[in-house]
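In what follows, a single structure is set out as structure tokens and then discussed.
What follows is calculated from the coordinates using simple rules that are stated; it is not laboratory data. These numbers come from a predicted model, not from an experiment. Here the Cβ is made from the backbone with ideal geometry for all residues, glycine too, and neighbour counts use every protein chain on show.
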Amino acid sequence: MTGNARTLVVLGASTDQLFLIETAQALGLRVLAVDRDADAPGFAVAEESALISTRDVAGICAHLDRLEKDEGAVFAGVTTMGSDIPEIVAAIAGHLGTPSIPLEAARLTVDKFAMKVRLRECSIPIPWFREVPGVEDLLEVIADRGLPLVIKPIDRSGSRGVFFLRPGCDPTDLFQKAKAFSFSGRVQVEEYLPGPQISTETILYGGRAVTPGFADRNYDTFERFLPQIMENGGWVPSLLSAEERKQVEELVVSASLALGISEGVTKGDVVMTPEGPRIIEIAARLSGGDFCAGLVPLGSGVNYVRTAIQIAIGETPDLDALAPRFERAVANRYFFPEPGRLVRIEGVEAIRARPWLHKLEFWYRPGEIVPESLSHAHRFGVFVVSAPDRATAQARVDEVYDTIRIVTRPEKAASRTRPESSFPPDRPSAVATRPGAIASGTRG
Ligand SMILES: Nc1ncnc2c1ncn2[C@@H]1O[C@H](COP(=O)(O)OP(=O)(O)OP(=O)(O)O)[C@@H](O)[C@H]1O
Ligand SMILES: [Mg+2]
């Protein structure tokens, strides 16, 4: 480790953190990437690597102490992207004495129940919610309030264990499944909020707040995966009016402050209901899943990952640099092939030649087992397209889906008679990053 070149500690070295690592390097920082996966692609890009779990606070702190003492390393700050571990970031920043959100705020954002209690106390509009310790409590809520409802573990991310309860569903089964996903065995039920869903990303600093990330979430696969709620990527620019956008922006800022975050970055999940915007949740981190690394830079020329890094290393960020420079339609979408053994992916060369295709990645190689899509952790692959307007972007999304064909074979011969099946789209790739990259807690 070279002496006093300032180093940013990046928690995670998967594909989700690559944009963060590269942006830090463009700012002149060295990067120490931390990941428990020796094959993590970020290790090849970062100046320094530490093979430690990103959840091992004591192990990481001891390692940083040693580098400071033995090699004169100077750590400017710590951060992550796409991984929902703000309490770890806050704890390590506390150890280093570098900026971060308060540990208490971080803890609130990773506990969906405590977060909603706080938001309710601060009169932030949210769905009705209640913790349901047992299935009989859930049945009582259903009897009182009727359906639909949403049930979810209080402490997971990436839509793991989030189910839509509708008439005809089996509440006992879905309660047990949601509970099984929860680290602490706790689940909550919420009123289902109807309306367009928005993802936001806000930079707060020095009494100001700017929301350069503002995307419509795409649920065109909603019916297909029920009762699991599965998003299929997003869009910029949003279809909301300027007035609606202002309401959403004000709400996510109020919610961030209510949670105790006044310096840093927050990611909001918001529903524009007929009664106005309401918050599903606020995460205290940069998004993964191509939002801050793809949709926003491609759609508006703004890179607020840079701003988030500046805050994490104690520099005064330039919030005026977050104004859009141009406007382009950008969409990201996922592939959801039938589960089974991956046989081949067709159509890749043809689609890669298209100049508007910015990203096409598959996280499985032929011969590997593709699991059933039960959460974002099981995504098979992704692509990003841009266009002058949304209609053209949609046509390009359709073209990718029509060109790519993912052929899988059911694993158990007895399970089905069909020999092979294919997802309307897909084909192979040199970029076969491990799905573990996503499984580590990534949300869009
Ligand atoms: N009360 C609700 N009303 C409407 N939709 C909801 C509600 N709760 C959750 N959802 C939908 O389910 C998705 C996942 O829920 P939630 O954000 O609570 O879980 P998560 O594990 O953090 O997932 P994600 O990574 O998608 O944010 C939300 O983005 C939203 O689309
Ligand atoms: Mg969420």
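Return the calculated 222 nm mean residue ellipticity for the chain, to the nearest 500 deg cm²/dmol, obtained by summing -39500 (n - 2.57) across DSSP H runs with n ≥ 4 and dividing by the residue count. Numbers along the way, then the final one.
Working: 14 runs with 132 residues, N = 444.
It lands at -8500 deg cm²/dmol.
Over segment 70-145, what is the relative contact order in whole percent, taking alpha-carbon pairs under 8 Å and six or more residues apart?
Numbers: 42 pairs, mean separation 14.3, N = 76.
Relative contact order of segment 70-145: 19 percent.
Considering only Gly264, Gly233, Gly72, give the residue with the highest GNM mean-square fluctuation for the chain, with springs between Cα atoms whenever their separation is below 10 Å.
Gly72
Mind telling me which of Arg208, Arg365, Arg405 comes out most flexible in a GNM of the chain, alpha-carbon contacts under 10 Å?
In the Gaussian network model the winner is Arg208.
Roughly how many nanometres apart are two label points built 7 Å out from the Cα toward the Cβ at Ala180 and Leu139?
2.0 nm
If I take every Cα pair under 8 Å that is 6 or more residues apart in the chain, average their sequence separation and divide by the length, what percent do I get for the relative contact order?
On the way: 1031 pairs, mean separation 66.3, N = 444.
After rounding, I find 15 percent.
Determine the relative contact order of segment 1-82: mean sequence separation of Cα pairs under 8 Å and six or more apart, normalised by residue count, in whole percent.
On the way: 154 pairs, mean separation 35.2, N = 82.
About 43 percent, as a whole number.
Beyond 21 Å between alpha-carbons counts as too far, so tell me which of Lys152/Lys412; Lys179/Lys412; Lys116/Lys179; Lys177/Lys412 fall in that bin. Don't skip to the end; give the middle numbers.
Values: Lys152/Lys412 31 Å; Lys179/Lys412 28 Å; Lys116/Lys179 18 Å; Lys177/Lys412 24 Å.
Violating the 21 Å Cα-Cα cut-off are Lys152/Lys412; Lys179/Lys412; Lys177/Lys412.
Given the options Glu191, Glu281, Glu140, state which has the largest fluctuation in a GNM of the chain using a 10 Å cut-off (strictly under) for Cα springs.
Glu140
Please work out the C-alpha center-to-center distance from segment 114-188 to segment 336-403 and express it in whole Å.
Measuring centre to centre over Cα atoms gives 32 Å.
Roughly what % of Cα-Cα distances in the chain sit above 27 Å, to the whole percent?
Values: 52679 of 98346 pairs.
Percentage above 27 Å: 54.
If you rank Val248, Val348 by fewest surrounding Cβ atoms within 10 Å, what's the result?
Working: Val248 24, Val348 20.
Least crowded to most crowded, the residues run Val348, Val248.
Would you mind ranking Arg396, Arg6 so that the residue whose beta carbon has the fewest other beta carbons within 10 Å leads the list? Mind dumping the intermediate values first?
Details: Arg396 20, Arg6 15.
Listed from fewest to most nearby Cβ atoms, that is Arg6, Arg396.
Sequence-distant or interchain residues sharing an amide H contact under 5 Å with Val31, placed H: which?
Correct list: Leu8, Glu47, Glu48.
Test of understanding: ordering Asp269, Asp318 by Cβ neighbours within 10 Å, fewest first, what list do you get?
Working: Asp269 18, Asp318 11.
With the sparsest Cβ surroundings first, the list reads Asp318, Asp269.
I'm checking a number: the convex hull volume of the Cα atoms of segment 128-190, normalised per residue, in Å³. What is it? Walk me through the numbers before you get to the answer.
Working: hull volume 4.4 nm³, N = 63.
Residue-normalised Cα hull volume stands at 70 Å³.
Taking just the alpha-carbon atoms of segment 220-261, what radius of gyration and Dmax come out, in angstrom?
14.7, 38
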